[in-house]
Number of protein chains: 6
Amino acid sequence: MRIKVINPNTSTSMTALIDRAATSRASPDCLVETVNPAMGPESIESHYDEALSVPGVLAEIAAEQFDGYVIACFGDPGLDAARELADGPVVGIAEAAMRTAAYLGRGFSVVTTLERTCGRAWDLAERYGVSRFCLGVSACDIPVLEVEAALDEVAFACQKAVATDRSDVVVLGCAGMTAHCAQISARVGVPVIDGVQAAVLQVESLVRMGLRTGSMREYAPPPPKLYTGVLAQFGT
Amino acid sequence: MRIKVINPNTSTSMTALIDRAATSRASPDCLVETVNPAMGPESIESHYDEALSVPGVLAEIAAEQFDGYVIACFGDPGLDAARELADGPVVGIAEAAMRTAAYLGRGFSVVTTLERTCGRAWDLAERYGVSRFCLGVSACDIPVLEVEAALDEVAFACQKAVATDRSDVVVLGCAGMTAHCAQISARVGVPVIDGVQAAVLQVESLVRMGLRTGSMREYAPPPPKLYTGVLAQFGT
Amino acid sequence: MRIKVINPNTSTSMTALIDRAATSRASPDCLVETVNPAMGPESIESHYDEALSVPGVLAEIAAEQFDGYVIACFGDPGLDAARELADGPVVGIAEAAMRTAAYLGRGFSVVTTLERTCGRAWDLAERYGVSRFCLGVSACDIPVLEVEAALDEVAFACQKAVATDRSDVVVLGCAGMTAHCAQISARVGVPVIDGVQAAVLQVESLVRMGLRTGSMREYAPPPPKLYTGVLAQFGT
Amino acid sequence: MRIKVINPNTSTSMTALIDRAATSRASPDCLVETVNPAMGPESIESHYDEALSVPGVLAEIAAEQFDGYVIACFGDPGLDAARELADGPVVGIAEAAMRTAAYLGRGFSVVTTLERTCGRAWDLAERYGVSRFCLGVSACDIPVLEVEAALDEVAFACQKAVATDRSDVVVLGCAGMTAHCAQISARVGVPVIDGVQAAVLQVESLVRMGLRTGSMREYAPPPPKLYTGVLAQFGT
Amino acid sequence: MRIKVINPNTSTSMTALIDRAATSRASPDCLVETVNPAMGPESIESHYDEALSVPGVLAEIAAEQFDGYVIACFGDPGLDAARELADGPVVGIAEAAMRTAAYLGRGFSVVTTLERTCGRAWDLAERYGVSRFCLGVSACDIPVLEVEAALDEVAFACQKAVATDRSDVVVLGCAGMTAHCAQISARVGVPVIDGVQAAVLQVESLVRMGLRTGSMREYAPPPPKLYTGVLAQFGT
Amino acid sequence: MRIKVINPNTSTSMTALIDRAATSRASPDCLVETVNPAMGPESIESHYDEALSVPGVLAEIAAEQFDGYVIACFGDPGLDAARELADGPVVGIAEAAMRTAAYLGRGFSVVTTLERTCGRAWDLAERYGVSRFCLGVSACDIPVLEVEAALDEVAFACQKAVATDRSDVVVLGCAGMTAHCAQISARVGVPVIDGVQAAVLQVESLVRMGLRTGSMREYAPPPPKLYTGVLAQFGT
């Protein structure tokens, strides 16, 4: 089984970080390849960045056929489009993290990077049907590319969130936090979920069961279309 | 007052059609400029097309400062990102059409082009808070670029929707239907709303009141960022 | 185009205040007439007052045909009944203010007069489908007829609401606050919406598009009926 | 214990009908007085009628102190205002019928008179928190004042509703249907609820427990106010 | 009329307490019998206890035919199963208390025993359709069997809840608090609802109207079935 | 890794069937043990059966420590209590099936056994936050113990559900259907999900990530308690 993990941020150091988490968690018979696109924002910290990361994500989906795909940014950019395009299942890390958290208690707290990204987390919670489990979204106010080096600040924000939200579980709201998972759980005393690991295992499970996106209706392959300008490569 | 109407589809004939509706409806002191991006899909008929229309929309927002902006595709692609980027207010035609319909009765029917786009209309209805007014979304099964020439089929789909959904109002679910508005209303006997006109007037109203997107938090301008590859132009 | 703005409070000084906001905002080709009923409460500060303001509102709707109508009290009294009765579109100021705010960010705060009116604002937010955008309703604790002279208190309540609710926009929760709009926006740093202006422009837009309440079903004209007692005039 | 049942329709024959249901169901120690207002519509079949029935309802509440009150029209006109005004608890028949039905199964069907009143029933279901139990609202298309004589048509509409909605219970959607309750239940084979009886017993229960509307906040007595014109009597 | 009140806790002193509340509130022609099962937990303070109280509750329902039944624990254990099994109506005290509170204002606070039971109260509020009325659930942190002797602590928690939640009404979240109802209401100044009394009167009302659970579909009697082990007695 | 799969039905042939699905799907390093309780109903076809299956499920959880647990009946009986009791994660098959389906499209259809169980499936969809994905619940009207031998009837019900609900995915609504998964998918043309397989893989994933139910609050171990009668074994 081959799973492609796509980091929508074009930062290669972040890609390496995500790769360590993804490969360490995957099963022995599951080969993980972690990449970032050749186009788009170095890091995603706004709706603007997120929207503009999508072409790169889709180019990576289209590049070569894998058994399944993970979109490794907590905004799950391009998920619907990726599901139309891909032959195998596609899972976003926000989606996987939040749904996984829902198995572990009445409610979870999301701790994200910059405060301006909290709104997107709430949107996703609603879209994925977990808003009743999502007791709070808060920010540690560390930029995406600095969060890997900010264990203490992230852990403190998690502790505060658990106390304020009275939650059972913490969801890490950025792929850049993936290495902090175990340490924060030890400090805070509740389960802490990293979406990269949750998504890799979720895609593995879907592939094992032979499941992929239903393609009879909305998620059928996109109709062929003329594309122009710098995006001409996306046409067919 | 200058308003820019952006057709996210790169089809110039569709842009001309939208321009006629937009300029005919705008107030005398409001100058409308209708454009389509230089990059992206000729028409938008999937999540894939919609996602890939966004860079072009954002390039048009960034190109030159207007008092307000309309995104003239019923999926409202790139709306959040556009609001971060633009100095003036930004309104999508699905947003304007559905909110306008909510002033006119208990519920409306959306009639869209291909069935695969119905899901997106439901997503937007929920996002905009009008799902309680949205009594049904159905498709006339005509592709986007053929819908201008398909008055009878669209009108028939509207009649059927009103009877099935027991709705008070029809919302046209594609900018390409903009010219059919009055004729369908005459045939079906209920108000029929074209999002292009509704959005132009909504932006006009916002500009008259001196209102634009609140920019203290989530919708502050995007932080400067390195962009790579064919999207390098979007970085700062 | 002629629009009638009805102040459901019978206070004539409040009517004059509303008239100034409404006429200053309307387009040159739009004639606004602002009135208050000849029957009912001097000001509306309870469910009781609001219910008893409705006959006066409906009498004003029935009095003479206009192209459109605004109900200029933040409880939107009699809106459903007015829509059955009127030939043209009818818009309430709470409805227009809250829906307008939804174009400008993730969420808004409503600041109203007496705390006892907060519940009604929540009810309307739910009815209009904007409860997901309504992040808080709070009161400045100034009676309706004193609010015009209480800029500082209202502005302070708005500042507090924006900080507490973490909102992008403020909605003024009483027609009597209409003159404070620009000054409060300057002080608080976020867009501030006055429903009188928003509703006048909304009705204008509906009239320009030739739209009125759908009247095939629930909002058909009321069936003729014998009325008795002091309300006999309302029968037909 | 004295309970006042107010028929918001000014039809005296309908009042007599309601009185029979109310008095037959009340406990021996509970004195029921059924009245209709001296002002307002003969029957309520529109939002317009309903709004204009409210002054009469409130005049009856204010007239003399009872231990509790029932508002006996399925639109529950004036309920919030009545709760501010009354010393004892106030219950609407739609409220009591729908909440009572929720004790008896997964879901109920409402069968009302004219189709144009269905929207109001849905509004109330949502307001009372029973929309998840309300599986359908349908009309028998008989005017309010003819429904007493139309047992067969009402029963047929109930049978159809139960089959279509797959419901466990029927709620009669008009006080004028009160006499049909037992017969329809026998024909349809499911529990059938008449709001008049349900509301009288609910008020009785509240009075026995010494409970009335909480009056510390929103439902405090209305502030004294000047009222003008034909409604001057409502001022204080 | 004979009503059986079942205390799902096997504590006989608590049963005696519940019996006093139930019998004092029932009508003269209504004979109340209060029991506790012969199997199960002495008190219910976890999902585990609650689940294991259900067989005892069902054994009591099956033991002898009454006109109606009350399940007198605030988690309403076994309610759906009891409705399938019983010939007469079955009402839970959480259900009755929360629905009764909804007649008395915009919102109520629930005050329960241990904090770990708050989640269950929220679940029930949602299930019964009263989550919009439920403004807060908080705990006094007194175990179930000590709550009878802890008037001051419970009253203090109620006062705090009303101030924090800005609620109109208090719902007592444990049958063991039944004796405190009047005293707390006097101290806090808002209506206070004891579910035992509310449920007894609700069942009485249902029986008087000849209503029981609809049994045509989901709540038909359970199909006969082989049961094994210590639960063999429950088979047929 | 050792996972215990508990069939809440005491039918041993059904347990064998579930065991085949569970063991065939588990990873090589994951030892699955499938059991059914020594007490309770042979099959679960009512709220009554489901409630009475819970003691047996809990006895199996308490019997011996495993790394994780699956509750293999589509009503997920005893899930909250099991989470308090177990050291490792606990997943229900309805929960796993419905959440898994949400990764694969806009919406799914549930096909269950007897019509009377549809209500429970809706309850769970709401509880798990997937009601927006659940487009329909329908029954094939085959009893639980006969469903294994009724491939054609189940497949036909699935085809009908997909056409009626316009869904992307089918969820099999009974553990007894576990063997039909691949064949029905081939016939219907959409992904078909068996909750037994989905739950086993979900528990595996949770265990691999070191995650279990958060136990700081609501899901802490149940407080020790005296239990009486035939349930005395459950006390501590």
Check your understanding: So for the protein assembly as shown: antiparallel DSSP bridges make up what percent, rounded to the nearest 5?
Key -> 10
Exercise for review: Find out how many positive minus negative residues lie around C:Ala157, taking Lys and Arg as positive, Asp and Glu as negative, among other residues whose Cβ is under 13 Å from that of C:Ala157.
Suggested key: -3
Check your understanding: What order, most packed first, do the peptides A:101-112, B:185-196 have when packing is the mean number of other Cβ atoms within 10 Å of each residue?
Key -> A:101-112, B:185-196
Point to revise | Dipole of the stretch E:1-54 [Lys/Arg +1, Asp/Glu -1 at C-beta], most positive-end residue of E:Thr15, E:Pro41, E:Ile3 | key: E:Ile3
Exercise for review: Report, for B:Asp87, each distance to the same residue's label point in the other copies, shortest first and in nm; define the point 7 Å along Cα→Cβ.
Suggested key: 4.5, 5.1, 6.6, 6.6, 8.1
**Study point:** Table column - 3J(HN,Hα) (Hz), the stretch B:3-11, Karplus curve with 6.51, -1.76, 1.60, x for Gly and Pro
**Key:** 10, 9, 9, 10, 8, x, 7, 8, 5
Revision key, fill the gap. The protein assembly as shown, Kirkwood Rh and Cα Rg, ratio Rg/Rh at 0.95
**Study point:** chain A, helix-only ellipticity at 222 nm - DSSP H runs n ≥ 4, -39,500 (n - 2.57), divided by all residues, nearest 500
**Key:** -12500 deg cm²/dmol
Exercise for review: Run through the other copies and list how far each one's label point is from that of B:Leu145, in nm with one decimal, shortest first; the point sits 7 Å from Cα along Cα-Cβ.
Suggested key: 4.0, 6.3, 6.3, 6.7, 7.9
Revision key, fill the gap. Computed ³J(HN,Hα) along the stretch E:17-31: with the Karplus parameters 6.51/-1.76/1.60, θ = phi - 60°, integer Hz and x for glycine or proline, the list is 4, 4, 4, 4, 5, 5, 6, 5, 8, 5, 5, x, 8, 10, 8
Check your understanding: A:Lys160: which aspartates and glutamates have alpha carbons under 16 Å from its alpha carbon, excluding same-chain residues fewer than 8 sequence positions away?
Key -> A:Glu115, A:Asp141, A:Asp152, A:Asp168
Check your understanding: How big a patch of accessible area, both sides summed and in Å² to the nearest 100, lies buried between F and A at a 1.4 Å probe?
Key -> 3900
Review point. Within the P(r) computed for the stretch B:103-161, what percentage of the Cα pairs occupies the region above 19 Å?
Key: 31
Review point. Hey, with R₀ at 51 Å, roughly what FRET efficiency would C:Arg20 and B:Ala38 work out to, going by the Cβ-Cβ distance, to 0.05?
Key: 0.60
Exercise for review: Please give the residues from the stretch B:196-219 for which the solvent-accessible area of heavy atoms, probe 1.4 Å, is smaller by at least 50 Å² with all protein chains in place than with the chain isolated.
Suggested key: B:Leu201, B:Gln202, B:Arg208, B:Met209, B:Leu211, B:Gly214, B:Met216, B:Arg217, B:Glu218
Check your understanding: Can you give the direction-averaged projected area of the convex hull of the alpha-carbon atoms in chain B, in nm²?
Key -> 12.1
Point to revise | Axis-proximal residue, chain E, for the rotation superposing E on C (Cβ, Å) | key: E:Ser131, 7
**Study point:** Around A:Asp49: net Lys/Arg minus Asp/Glu count, Cβ-Cβ under 12 Å
**Key:** -2
Exercise for review: Put a label point 7 Å from Cα along the Cβ direction on F:Ala62, then list its distances to the equivalent points in the other copies in nm, shortest first.
Suggested key: 2.0, 6.0, 6.5, 6.5, 7.2
**Study point:** D (Stokes-Einstein, µm²/s), Kirkwood Cα radius, the stretch E:25-154, 1.306 mPa s at 10 °C
**Key:** 101
**Study point:** Per residue accessible area in Å² of the stretch F:95-194, where ligands, DNA and RNA are left out and the probe is 1.4 Å
**Key:** 31
Practice item. Post the alpha-carbon centroid distance, the stretch D:1-52 to the stretch D:171-196, in whole angstrom. Key: 17
Check your understanding: When the accessible area of the protein assembly as shown is split by element with a 1.4 Å probe, what percent falls to carbon and sulfur?
Key -> 52
Review point. Which of the residues in the stretch D:115-150 lose at least 30 Å² of accessible area when you go from the chain alone to all protein chains together (probe 1.4 Å)?
Key: D:Glu115, D:Arg116, D:Gly119, D:Asp123, D:Glu126, D:Arg127, D:Gly129, D:Arg132, D:Phe133
Practice item. Would you mind computing, in nm to one decimal, how far apart the modelled labels at F:Ala163 and D:Ala220 are, each placed 7 Å from Cα along Cα→Cβ? Key: 6.3
Check your understanding: With no solvent and one point on each alpha carbon, what is the Debye value of log10 I(q)/I(0) for the stretch A:117-236 at q = 0.10, 0.13, 0.22 Å⁻¹?
Key -> -0.46, -0.70, -1.24
Check your understanding: For the residue pair F:Ala186 and A:Thr12, what label-to-label distance in nm results when each label sits 7 Å from Cα along the Cα-to-beta-carbon direction?
Key -> 4.8
Point to revise | Positive-pole candidate from B:Leu124, B:Val91, B:Gly136, dipole of the stretch B:1-139, charges at beta carbon | key: B:Gly136
Point to revise | GNM result for chain B, Cα springs below 10 Å: residue of B:Gln197, B:Gln183, B:Gln159 fluctuating most strongly | key: B:Gln183
Exercise for review: Quick one: which residues, 5 or more positions from E:Val169 or on another chain, have an amide H under 5 Å from its amide H? H modelled 1.01 Å from N in the peptide plane, none for Pro or chain starts.
Suggested key: E:Gly107, E:Ser109
Check your understanding: Which of E:Pro191, E:Leu114, E:Tyr219 sits closest to the plus end of the dipole of the stretch E:102-236, meaning its Cα is farthest towards the positive end, when Lys and Arg get +1 and Asp and Glu get -1 on the C-beta?
Key -> E:Tyr219
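The values are calculated or read from the model by the stated rules, or taken from the named source; none is laboratory data. Keep in mind the model is a prediction, meaning the values are calculated, not measured. Using ideal geometry, Cβ is built from the backbone for each residue, glycine included, and neighbour counts are taken over all protein chains shown. Calculation scope for accessible area: heavy atoms of the full protein, side chains included, ligands and nucleic acids excluded. Shrake-Rupley method; radii C 1.70, N 1.55, O 1.52, S 1.80 Å.
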